[in-house]
Each structure stands twice: as structure tokens, then as C-alpha cells.
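Below you'll find the structure, written out as C-alpha cells, and then a few comments.
The values are calculated or read from the model by the stated rules, or taken from the named source; none is laboratory data. None of these values were measured; they are calculated from a predicted model. Ideal geometry is used to build each Cβ from the backbone, glycine not excepted, and the neighbour counts take in all protein chains shown. Ligands, DNA and RNA are stripped out before the accessible areas are found, and what is left, the full protein with its side chains, is counted by its heavy atoms. Shrake-Rupley method; radii C 1.70, N 1.55, O 1.52, S 1.80 Å.
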Amino acid sequence: MRNIPILTTAAVLVGFATLQSQSLAESPAAESAGLIVKDGILHRDGEPYRGVGANYFDLFYRVLKDGSDTSYDEGLRKLSEAQIPFVRFMAGGFWPVYWDLYFQDKEAYFKRMDAVVRSAEKHHIGLIPSLFWNMATFPDLVGEPMDQLGNPKSKTIAFIEQYTAEVVQRYRNSPAIWGWEFGNEYNLHVDLVDATGHRPKIVPQLKTGLERTSRDELSSEHMLTAFGHFARTVRKHDAHRILITGNSIPRRSAFHNTQERSHKPDNRAQFESVLRRDNPSPYDVTCVHLYGNDGQGGTKSISELVETLQEIAGRTRQPLFIGEFGAPKTLGPEDEKALFIEMLKAIEENHVPLSAFWVFDHPGQDTDYNVSFENERAYMLKLVADLNQRMKSSGHTHKAEKAGADQPATAPESKTE
């Protein structure tokens, strides 16, 4: 047992009380709400669906940290009016310290989340909550090392199952919920050749663990065990909405990282095997995050990479979800815009069913990725809205449909505050 904050430890030792709460909204049956996959094709309201949304990282985080901050409501209103149909967001605290309210007053914690969900319902915008964003936080909360993500009998897994059940039961009848996501880019942290140098941070004032050892080096087996427990828990309470891992695109050498701890580039077949491994059944979609092309699977351009991803998703009958894509401000105005347009073009021409740009209204990333209606990157919102309108007008034919019928580029380094 590592030395962790007394408050959090005490809350754990008392035991996790099951939150008894009615779901927020009286709405149609779950099977008619959100996004579902039928015959390998993404559907919404009974029809094949395509759309580009936004990552709204701190949609809930801002009101979790400050109960008086209701700016999320204005943000959702503006996105809805701008034809941005859904947002992906962190449904919890990033650091352990921001889970104190959950342990001290669970009802107060969920009332803040209730307000976010009600706002989304009011503005008719979809939500994809990502429940376990920062992989080290949840073992830290219960005083365990990260390898306990791979232990079915650990307190870490017990917490994952409990929180998942609480969130899904509370919001499964809300028409705002489009799907359920586990966490953020766990796959980029597994089987690392130089894992010792990439152990989680120690930040005592944020109530992280006070030591890191080899037991805090994540393996793909640990990750997949946690994925499985999350998926099975969701499916106990919601049999329909899509399940999402939250993974990024596999690293260029992910297969060789796992097999021989080397940086040898993966070929196309090896790339595909890792992509399939990292998005296992019963997860409904193939999830990647895309910020360019590092030559994964031997591809030479963003368009070729997206086409390859679509082909794989078609064969596995898991519609492709590019859960993050974007172009950094640091490229300079012309190159930034060119890259963003190139990504949108690849999404459109390859008929990607679901994607979301990084990131809306996140002042912590003003120097690189933040997009708002007030800053110089507002043009991105217009480009996304225009693409949504074209996709809506052009019908619902997918390359993935045809493929199914026939049967890193890494994310920004600091996606925190």
C-alpha cells in the first residue's frame, strides 16, 4: 500500500455507497437514443449517421472545480447553433484531488454533472463522456500501483465498475448521451521500450501517489483487462449505445514494442493486428486519435492513412471514430489551416462516420490547440459546420458499408488543465 491522502483512503475503507438515483430524463427507450451500430454501420435515430463534433475537454471539469462556473451552458448553446452535433468530454477529475467532492458528497458531485447533461438536452447536443481519462488517477485514488488495472480483484477495478455503473444508470435515459468511453489514449502508454522514463508524475499537492515503481508501467494486458470490466459493466445497464476505448492511433512500432520491446516499424498487417487488439469486442467502434501521419502501417499521407483505417474498420464491422484530430497553432497560420483542411478532406472523402476536433474552449491550450468563437481559429468551427452540412445533404453511403458487406502520430502532450 502506498502512502496516499488520508481523506481519500478513509473514503475507500468506509466502502463505496451505491448512488441511488433516477435517470435524468424521461425519454424514449435507450435503443432509440444516442449512437448504435447495426450490421457494422453507425446509426442514429434509426438512420445511418455521419458527423463531426468537438472535444470539449473541461465541459464538466470546470464546474467540478468551481460550482459557480456555468460557462458550459453558453458553450453548448453556441456549438449547437453552429451545427456542431456532439462533444466528447472528461467525465470526472483529471487529478486525484478533484475527486474529493465525489468522496465527500457524492450527491453534490452528481448534481454538477446533472446540470451539464440537462444543458446538453436543452441545446440538443450529444455527449460522449470519457469516464477514466487520466490512467494513473484511479489506482492513485485507492492506493494501488497501475498494474492493478490488470487485476480483476483489485480496488482499482472495483472503483471502475462502481463509477461506471453509477454514471450509466443515472444518465442512460437521457437523449443527450450518445455513447460511453473508457478513457484517454491508454494505448499510447502500454508496452513502452523505455517505460521507466514514462512513469506517471508525482505531484503531492494534487494527491497523486508518492512513489512510482516498475509496477506503474502499463502493459497492454493491464489495459485490456480494464477495458473488459468497463465494457461489461456498461452493457449490464445499457445494451445499445456505442462503447469506445478512447485510444489513439497505434504507435508506429506498437506491435514490435509488445513482442520484442523494439522500435522496429510495424508493417501493414502488424499495424492492423494492434489496432484490432486495442479495440476489442464488445467495443463497437474502431477509435483512433489523429494529428498527422507517422507512417503507421507503411502509409505515406493522411488521406492514405484514413483510407487504411476505414478499410480495417469495414472488415471488423466497427465504424471508425477519429476521436481527436487537429492542427496546432505553432505551425503558423498558413500551415495550420492547410493541415486542418487536409484532415477534414480525408474525413469527407473517406466517408468517416464519426470524428471530433481537438479542442473547443480550452484556454489552457491557447498557445497550440484551443478553438473558440472569439479567437483566430474560429474559422475551424465554420469549416466543420460546412462539412456537417455537406454530409447531411449527401446521404449516408459509407465506404465502411461496402467493405463490411464484402466480408504515433500522437496527440498533444498536455491534455490536462
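Can you tell me the mean projection area, over all orientations, of the convex hull of the chain's alpha carbons? Units nm², please.
On the way: hull surface 74.6 nm².
Average of the hull's projected areas for the chain equals 18.6 nm².
Using a/c under 1.5 as the rounded threshold, could you call the range 184-237 rounded, prolate or oblate? The axes a ≥ b ≥ c are square roots of the C-alpha gyration tensor eigenvalues, and prolate needs a/b larger than b/c, oblate otherwise. Each step should come with its number before you reach the end.
Working: a/c = 2.89, a/b = 1.52, b/c = 1.89.
It is oblate, given that a/c is not under 1.5 and a/b is not larger than b/c.
Report, as a whole number in µm² per second, the diffusion coefficient that Stokes-Einstein gives for the range 220-296 at 25 °C and 0.890 mPa s using the Kirkwood radius over alpha carbon pairs.
The calculation lands on 183 µm²/s.
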Task: Qualifying lysines (Cα of each under 27 Å from Cα of residue 65; at least 8 residues distant if same chain) - done: 78, 106, 111, 122, 155, 201, 207, 415
- [ ] Would you mind checking the radius of gyration and Dmax of the range 139-287 based on alpha-carbon positions, in Å?
- [x] 16.2, 47
TODO: Sort 174-186, 190-202 for me by packing, meaning the mean count of neighbouring Cβ atoms within 10 Å per residue, highest on top.
DONE: 174-186, 190-202
- [ ] Pull out the extension gain between residue 236 and residue 118, defined as 0.36 nm times the separation in residues minus the alpha carbon to alpha carbon distance; nm, one decimal.
- [x] 40.1 nm
Task: Probe 1.4 Å, accessible area per residue of the chain, Å² - done: 39 Å²
Open item on the list: Considering only protein heavy atoms and a probe of 1.4 Å, how much of the accessible area of the range 60-193 is carbon and sulfur, as a whole percent?
Closed with: 47 percent
Task: Cα coordinate range in the range 52-107, projected on the principal axes (Å, largest first) - done: 38, 21, 16
Open item on the list: Given the whole protein assembly as supplied and a 1.4 Å probe, what does the accessible area of residue 271 come to in Å², nearest 10?
Closed with: 0 Å²
TODO: Take every DSSP beta bridge with both residues inside the chain and express the antiparallel ones as a percent of the total, to the nearest 5.
DONE: 20 percent
- [ ] From the C-alpha gyration tensor of the range 80-221, pull out the three semi-axes of the equivalent ellipsoid (sqrt of 5λ each), sorted largest to smallest, in whole Å.
- [x] 30, 17, 14
